[in-house]
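The block underneath contains the structure these notes are about, expressed in structure tokens.
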């Protein structure tokens, strides 16, 4: 069963357009012995999320199959080399004798799954269309796979698919061990090695005890797969009715106008709004309009904020793991829409500024005292939740045959109101806004000229 344009669609095996040719386990190019990496408070809540999926599409310069095999060979060789530095991705989840989760990388638990596939009837343009299609679920691995499966599955799965006019690179990262910042650090480093560099520019920082040195036992069943059915059921309830996923590509001039219009309403002495705050409230208001909520209904704006520079002392940008926390802004629909955009932006700005090291520490202690595994319903009622960041240089990921044509996310970790922000391919200040919405709300959003800035 798959979802396309807000409708459930059955996909028979014979109708699949992607043919798997080969499946390998790529291991670090050097013997690492036994390596352990603890999961800390910033990591643990995401154990019941799904693998984070990313898709990069590259136009091919040569459709010859020998050339394709050479490309894949280089990528797999570079992957083995990069896993020496990013060794947690080559490990598996384990629970120690005290019931605390960790990543273990040793002779029995090491390797990344790499699938080679062919889809000769599919083109880059088709995969890069603004509206997501069920075809992406054949291109990106581990759709519907929980992070808990990392006890028995690789923590990174890669699918390299030769399409009619290029290459699709689908990746699935176990979200319990890394956030978006670390994901793109890894991807850029992998590409750097593939281009021929003997070493990477920025080594990952692996000492998670510097971020949090508290051991937390989670109340998981002895066989974590027992939890799958309950979590999947919760997700199905949270994503009903059916959704659509679409990218809205906003040019730099549109982004500038959204920001300047908002800041022009401020009185002298008021702190100006950032690009993120301006775009965030623009999306929040538009989605709220599209949902046709009652004025008394509450709506929530959630942002997953990077805490690397918010901690005391700050953590290096190269910290490898999860170092994010959700920041929630709540108000009534009437208040959000009947006031000027500055009303919502001021609330978002205040909540972000308040999220300092003291607040982060308080949140960590609260969670450690009563650990709770996140589920989709926890995002908040009538939620707009923003992940990823246009600051990530996703269009600089060049494996040696040019920059990607399109970068987008897969089906996992999406629910009604989930938003991913990506750097626009056009560069400059352009931003791609990837939104998942209930089908009718998406139709309303597509007609919203205020949102589209037409």
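You will find that of 242, 262, the residue that is over 30 Å from residue 85 (Cβ atoms), touching a helix residue (DSSP H, G or I) at 6+ places or on another chain (Cβ under 8 Å) and surrounded by fewer than 18 Cβ atoms within 10 Å (Cβ to Cβ) is 242 and no other. Considering 127, 178, the condition of being within 26 Å of residue 86 (Cα to Cα) and crowded, with 22+ Cβ neighbours inside 10 Å is satisfied by 178 alone. Being crowded, with 18+ Cβ neighbours inside 10 Å, touching a residue at least 40 places away in the same chain (Cβ under 8 Å), touching a strand residue (DSSP E or B) at 6+ places or on another chain (Cβ under 9 Å) and at negative phi: is that true of residue 452 here? No; evaluated as a whole, the condition is false for this residue.
Surrounded by fewer than 22 Cβ atoms within 10 Å (Cβ to Cβ) and part of a helix (DSSP H, G or I), is that true of residue 213? No, not satisfied.
Among the candidates 42, 86, the residue that is within 27 Å of residue 408 (Cβ to Cβ) and in contact with a helix residue (DSSP H, G or I) (Cβ under 7 Å, 6 or more places away or on another chain) is uniquely 86. Taking the criterion of being in contact with a strand residue (DSSP E or B) (Cβ under 7 Å, 6 or more places away or on another chain) and in a loop (DSSP other than H, G, I, E, B), the residues of the range 124-140 that qualify are 128, 130, 132, 133, 134, 140.
Residues checked against (1) in a helix (DSSP H, G or I); (2) outside the structural domain of residue 193 (by TED's automatic domain parsing); (3) surrounded by fewer than 19 Cβ atoms within 10 Å (Cβ to Cβ); (4) out of contact with any helix residue (DSSP H, G or I) (no Cβ under 9 Å at 6 or more places or on another chain):
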| position | (1), (2), (3), (4) |
| --- | --- |
| 81 | yes, no, no, no |
| 93 | no, no, no, no |
| 115 | no, no, yes, yes |
| 122 | no, no, no, no |
| 142 | no, no, no, no |
| 150 | yes, no, no, no |
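Taken over the range 287-300, the criterion of being over 22 Å from the mean Cα position of the chain (by Cα) and either part of a helix (DSSP H, G or I) or buried (at least 17 other Cβ atoms within 10 Å of the Cβ) (or both) is satisfied by 288, 289, 290, 291, 293, 299. Does residue 16 satisfy the criteria of being assigned by TED's automatic domain parsing to the domain that holds residue 182, at pLDDT below 95, in contact with a helix residue (DSSP H, G or I) (Cβ under 7 Å, 6 or more places away or on another chain) and closer than 22 Å to residue 134 by Cβ? Against the criterion (assigned by TED's automatic domain parsing to the domain that holds residue 182, at pLDDT below 95, in contact with a helix residue (DSSP H, G or I) (Cβ under 7 Å, 6 or more places away or on another chain) and closer than 22 Å to residue 134 by Cβ), residue 16 qualifies.
Mind checking which residues of the range 152-174 are surrounded by fewer than 19 Cβ atoms within 10 Å (Cβ to Cβ) and under 26 Å from residue 27 (Cα atoms)? Spell out the reasoning first.
To start, the set of residues in the range 152-174 that are surrounded by fewer than 19 Cβ atoms within 10 Å (Cβ to Cβ) comprises 152, 164-165.
The one that is surrounded by fewer than 19 Cβ atoms within 10 Å (Cβ to Cβ) and under 26 Å from residue 27 (Cα atoms): 152.
Residues that are more than 23 Å from the chain's Cα centre (by Cα) and closer than 19 Å to residue 53 by Cβ do occur in the range 118-138. Considering each residue of the range 325-339 in turn, none proves to be touching a helix residue (DSSP H, G or I) at 6+ places or on another chain (Cβ under 9 Å) and assigned to a loop (DSSP other than H, G, I, E, B).
The values are calculated or read from the model by the stated rules, or taken from the named source; none is laboratory data. Everything numeric in this text was worked out from a predicted model, so none of it was measured. In this analysis, Cβ positions are derived from the backbone assuming ideal geometry, glycine residues included, and neighbour counts consider all displayed protein chains.
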